[in-house]
Amino acid sequence: MNTPTIQDLYSEARKIEVKFKEHASNFSVEMIFAPSKYAEKPIQDCKIGSWSANKFFRTEKGSLSEDSRYKTIGGLKRAIIMAAKKRNLTVESFVFPN
C-alpha cells in the first residue's frame, strides 16, 4: 500500500509507527488536531508511545497548544527523529501498518 498523506494521519484513516533501535516493539504515533473547550484555537498533539516499553513523548509542535499542524509526512518524520534524539533514541524505520 502507498505511503499515506499527512491528512490521512490526522483523520486516522492511516497510522504510522516508529521502530527504535533501543526497543523491541514499535511505538505508535498518535496525531490529533481537534477543537478544545479549553482553548480558543484547535489543539495539536503528536504523541509517540509504547505501552509495552512504558515510554511516551511528544514532538515539539505536538506539545504546543496552538494551530501548528504538520504539513508533510517528511516534516513529521524529522520532528520525530529530533524528539527521539533528545531522549537518546535512534529511529530505525517508520512503518505504515495496514
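Overview of values
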item	result
Contacts under 8 angstrom Cβ, first residue in region 12-36 being within 14 Å of Lys47 (Cα to Cα), partner modelled with pLDDT of 95 or more and loosely packed, with under 12 Cβ neighbours inside 10 Å, 6 or more apart	Val18/Ser93
Pair list, Cβ < 9 Å and 6+ apart or interchain, from region 71-98 residues that are touching a residue at least 60 places away in the same chain (Cβ under 8 Å) and among the β-branched types (Val, Ile, Thr) to residues that are loosely packed, with under 15 Cβ neighbours inside 10 Å and not in a helix (DSSP H, G or I)	Thr72/Thr5; Ile73/Thr3; Ile73/Thr5; Thr90/Lys21; Thr90/Glu22; Val91/Lys21
Complete set of residues in region 10-20 that are at pLDDT below 90 and either part of a helix (DSSP H, G or I) or surrounded by 12 or more Cβ atoms within 10 Å (Cβ to Cβ) (or both)	Tyr10, Ser11
Those residues of region 42-98 which are hydroxyl-bearing (Ser, Thr, Tyr), in a loop (DSSP other than H, G, I, E, B) and at pLDDT 85 or above, in sequence order	Ser52, Thr59, Tyr70, Thr72, Thr90
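The values are calculated or read from the model by the stated rules, or taken from the named source; none is laboratory data. If you're wondering where the values come from, they're calculated on a predicted model, not measured in any experiment. Counting neighbours? That spans all protein chains shown, and the Cβs are built from the backbone with ideal geometry, glycine included.
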